[in-house]
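Step one of this worksheet: look at the structure below.
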Amino acid sequence: MKTFTWKVQKDLTKEPRLNVKVVQFGDGYEQRQKTVLGTRVLSDFAFSMKARAATADTAFNFLMEHMGTEPFLWVPPNKTEAIKVVCDDFKYSQYDGINHQITGTFREVKN
């Protein structure tokens with residue numbers, strides 16, 4: 001399995017996916033139940049990276065190669081252990097005359 005090795009901005013957003021099923025009753029009462037087995041909560045990471053055009057192109061090609069379906073490894077900033085993610089939501093733009101930017105979301109997966 002390949003690893004996404006390019007550095008992303010450290011101010012990324014981590015959003016846990018709690019997978020809660022809510023059943024609402026007519027009297028305003030609601031019942032909540034988790035729909036995931038175990039205690040491990042997967043997260044989504046909204047990321048941004050700025051780099052020179054050649055580096056940004058290589059990172060973009062890596063994401064395109066995986067087409068949002070093939071998982072890959074990624075080490076979040078300030079962490080030492082890689083997690084398995086997919087990236088099916090990303091954009092490539094020119095940041096200024098020299099640097100380019102990739103923004104998107106890494107979704108943590110189990111498989």
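FYI, it's all coordinate maths here, none of it is from the lab. These numbers were taken from a predicted model, which means no experiment stands behind them. As a convention, Cβ positions derive from the backbone with ideal geometry for all residues, glycine included, and neighbour counts pool all protein chains shown.
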Tilt, helix 53-66 to longest principal axis of the chain (alpha-carbon atoms), in degrees rounded to tens, equals 40
Given a Förster distance of 22 Å, the FRET efficiency implied by the Cβ-Cβ spacing of residue 37 and residue 81, rounded to the nearest 0.05, works out to 0.50
Expected sort for 99-109, 1-11 on mean C-beta neighbours within 10 Å, highest first, is 99-109, 1-11
Too long for a 18 Å Cα-Cα cut-off, among 34/84; 34/79; 2/110; 7/110, are 34/84; 34/79; 7/110
Expected sort for 54-60, 26-32 on mean C-beta neighbours within 10 Å, highest first, is 54-60, 26-32
Treating only Lys and Arg (+1) and Asp and Glu (-1) as charged, each at its beta carbon, one finds that the chain has a dipole about its Cα centre, in Debye to the nearest 20, of 340
The relative contact order of segment 6-111, taking Cα pairs under 8 Å that sit 6 or more residues apart, comes to a percentage of 27
Of all C-alpha pairs within the chain, those more than 22 angstrom apart amount in percent to 41
Rounded to two decimals, the Rg over Rh value of segment 25-89 from Cα coordinates and the Kirkwood Rh reads 1.18
When the charge dipole of segment 62-111 is computed with +1 on Lys and Arg Cβ and -1 on Asp and Glu Cβ about the Cα centre, the Cα farthest towards its positive end, among 102, 63, 77, belongs to 77
